[in-house]
Amino acid sequence: IIALAEKHGLATTLVSNGELITADRLSELRGFNNMVQLAVSLDSLKGERHKFFRGKDNVQQVIHAIELLKNAQLKTSIKINMVLSRENVDEIDEMLAFSKDTGVYLTVIPVNNRKTVAGGYHHKPSDELKPDDAQSREIAEAFERLHRMKKAGMTPLWDHSDFYLHAKKYSLGLPMAP
């Protein structure tokens, strides 16, 4: 798919769970010129939490994939996508340090625990991840802190600082329109 997009001059973003990123595949990735970013999903550096979120006990494999990508000298930015919920809000500082130490960007995304139009959820059922009011405030405060850190240029955060203000509103169940 990426090769076809390249052929037509389209910019791409590759998002991976890290499982298929191996040393053998790096040469293939080096050939892409229009890849804007390559993101790897990593919600926790702790094996059990990673397994809870992603269904597999492969956190070390994912970390290895991130390190491979960083050292591969690709023509794109490498970043981690961390979905923030009540289960990992206490790990933000650890993930920021890991991103900085590894030399990759970090995006922190609020878990989608709101019902979709069809009535379902995009992630685990709400009773597993939906925060109570106090947890929602804790998550919102985390996004406020990320906003301040990004604005001050203190972090390896990828997104514009206002993204984290919108994430804060979303976490509190507020409308995200300005």
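The values are calculated or read from the model by the stated rules, or taken from the named source; none is laboratory data. It should be emphasised that the depicted structure is a prediction, and the values quoted were computed from it without experimental measurement. Positions of Cβ are generated from backbone atoms using ideal geometry, with glycine treated the same way; all protein chains shown enter the neighbour counts. When the accessible area is computed, the model is the full protein with side chains, heavy atoms only, and any ligands, DNA or RNA have been set aside. Shrake-Rupley method; radii C 1.70, N 1.55, O 1.52, S 1.80 Å.
Under 5 Å from the amide H of S41 lie the amide H atoms of S16, N17, G18, N81, each residue being 5 or more positions distant or on a separate chain, with H modelled from the backbone and absent for Pro and chain starts. Karplus-based coupling profile of segment 16-29, in residue order and whole Hz: 9, 8, x, 5, 9, 8, 10, 4, 5, 8, 5, 4, 4, 5, with θ = phi - 60° in 6.51 cos²θ - 1.76 cosθ + 1.60 and x standing for Gly or Pro.
Within the same chain, aspartates and glutamates fewer than 8 places from K70 are excluded, and of the rest, those with a Cα less than 14 Å from its Cα are D101.
A straight chain from E138 to L10 at 0.36 nm per residue would run longer than the Cα-Cα distance by 42.1 nm. Of the whole protein surface, Y105 contributes about 100 Å² of accessible area at a 1.4 Å probe radius. Close amide H pairs (under 5 Å, H built 1.01 Å from N) link L157 with L106, residues at least 5 positions away or on another chain. Its residue count N sets the reference 2.2 N^0.38 Å, and the alpha-carbon radius of gyration of the chain equals 1.07 times that reference. Per-residue extension of 0.36 nm, minus the Cα-Cα distance of D57 and I1, leaves a gain of 17.4 nm for this segment.
Note on T155: accessible area approximately 30 square angstrom, rounded to 10, probe 1.4 Å, nucleic acids and ligands left out.
Rounded to the nearest 0.05, what FRET efficiency do D24 and Q73 give with R0 = 22 Å and r taken as the Cβ-Cβ distance? Could you check? Using R0 = 22 Å, I get an efficiency of 0.85.
Estimated at the nearest 10 Å², the accessible area of S77 is 40 Å² with a 1.4 Å probe. Scalar couplings 3J(HN,Hα) for segment 159-165, obtained by applying the Karplus form with A = 6.51, B = -1.76, C = 1.60 to θ = phi - 60°, are 7, 4, 4, 5, 4, 6, 5 Hz; x denotes Gly and Pro. Backbone geometry of segment 79-85 corresponds, through the Karplus equation with coefficients 6.51, -1.76 and 1.60 at θ = phi - 60°, to 3J(HN,Hα) couplings of 8, 9, 9, 10, 8, 8, 9 Hz, x marking Gly and Pro. When R54, R49, R148 are compared by accessible surface with a 1.4 Å probe, the order from highest to lowest is R148, R54, R49. In the chain, helices alone account for a calculated mean residue ellipticity at 222 nm of -13000 deg cm²/dmol, with every DSSP H run of four or more residues adding -39,500 (n - 2.57). The residues neighbouring D57, those whose beta-carbon lies less than 10 Å from its own, together hold a net charge of +2 under the Lys/Arg +1, Asp/Glu -1 convention.
Normalising the average separation of contacting C-alpha pairs (under 8 angstrom, six or more residues apart) by the number of residues puts the relative contact order of the chain at 17 percent.
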